[in-house]
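The values are calculated or read from the model by the stated rules, or taken from the named source; none is laboratory data. Bear in mind that the values here come from a model prediction, so they are computed numbers and not experimental data. Cβ placement follows ideal geometry from the backbone for every residue including glycine, while neighbour counts extend to all protein chains displayed.
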Amino acid sequence: MGFFELITLVLTLLIIGLAFYLIIWLVDWVGVPEPVNKVIKAVIGVFLVLYLLGMLTGALPPPTHYIWRR
């Protein structure tokens, strides 16, 4: 794994983490009732874990942001 691929991976993880945080913050800010609140957080968490497992196992294509052009 080269330097640019590592930066792309870190950038992808930061974007995913920020999106996860913003969704959780929005659900809490809006004040969704408790059973639905917990279901939304669980579904988002499961999708996040599945995506990260897919990245670790190589089942997903590597992220490309086309920032680093050669």
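Miscellaneous remarks
- The condition (being surrounded by 11 or more Cβ atoms within 10 Å (Cβ to Cβ), modelled with pLDDT of 90 or more and part of a helix (DSSP H, G or I)) is satisfied by just one residue among L50, L14: L50.
- Taking every residue in the stretch 21-49 that is more than 29 Å from L60 (Cβ to Cβ) and of a type in the set (K, R) and pairing it with any residue that is surrounded by 11 or more Cβ atoms within 10 Å (Cβ to Cβ) and at pLDDT 90 or above, at least 6 positions away or on another chain, yields no pair with a Cβ-Cβ distance below 7 Å.
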